[in-house]
1. Please go through (1) under 18 Å from the mean Cα position of the chain (by Cα); (2) part of a strand (DSSP E or B); (3) closer than 18 Å to T128 by Cα for Q80 and return the number of the only condition it doesn't satisfy.
2. Kindly indicate the residue of region 12-45 that is in a loop (DSSP other than H, G, I, E, B), open to solvent by less than 80 Å² (accessible area, probe 1.4 Å) and within 15 Å of V64 (Cβ to Cβ) and also modelled with the highest pLDDT among those meeting that condition.
3. Residue by residue through region 87-113, note down the ones that are loosely packed, with under 12 Cβ neighbours inside 10 Å and touching a strand residue (DSSP E or B) at 6+ places or on another chain (Cβ under 6 Å).
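The values are calculated or read from the model by the stated rules, or taken from the named source; none is laboratory data. Everything quoted here is computed from the prediction, not taken from an experiment. Methodologically, a virtual Cβ is constructed for each residue, glycine included, from the backbone with ideal geometry; neighbour enumeration extends over all protein chains shown. The accessibility values were calculated without ligands, DNA or RNA, using every heavy atom of the protein model including side chains. Shrake-Rupley method; radii C 1.70, N 1.55, O 1.52, S 1.80 Å.
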Amino acid sequence: MKPGLAAVLALGIWATAAFGDGGTMLLHQDAGPFTITLFAAPQPLRVGTADLSVMVQDRSSEEVLLDPAIDLTVAEGASQQTVRLARGQASNRLLQAATVHFSNPGKWRVTLLVRRGNDAASLSTECTVEPDRSRAMLVWFYVLLPAGIILLFVLHQWLKLRSEG
């Protein structure tokens with residue numbers, strides 16, 4: 001294999017595993033004087049905690065605004081939680097982030113209220129929260145896989161001996 005082709009394949013494999021600082025984009029929309037982008041990690045969203053982060057830009061100049069006040073509300077049925085996003089919680093300094101808890105699976109409404117000086121905008125979107133897939137199931141798979149292979153080998157050897165005798 002040519003070295004250049006190997007390098008391209010390696011980069012392609014690593015690129016599929018790479019994640020941006022904000023997670024996966026859930027929403028990118030103009031609202032009032034702002035362009036607002038909402039990111040979520042992990043993806044897909046599952047019951048439990050998730051990091052939601054927001055980037056706010058000036059709609060006309062596309063400049064990233066670092067100082068707006070952002071309130072994020074997640075609601076599903078009677079369950080509702082509102083948090084104030086903060087720059088210190090985001091790994092990317094262009095984003096403001098917060099950790100939210102999704103208590104059960106289903107369709108959740110995410111509402112953002114962005115304020116900066118006299119300007120304000122609100123927008124919302126829906127996201128699907130999936131049931132929590134426990135890591136215990138994954139662990140059991142890897143524990144039982146070798147046992148299954150050994151069992152198949154023993155069965156094969158037993159049938160082989162039985163057919164010879």
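1. Among (1) under 18 Å from the mean Cα position of the chain (by Cα); (2) part of a strand (DSSP E or B); (3) closer than 18 Å to T128 by Cα, the lone unmet condition for Q80 is (1).
2. P33
3. Correct list: T99, K107.
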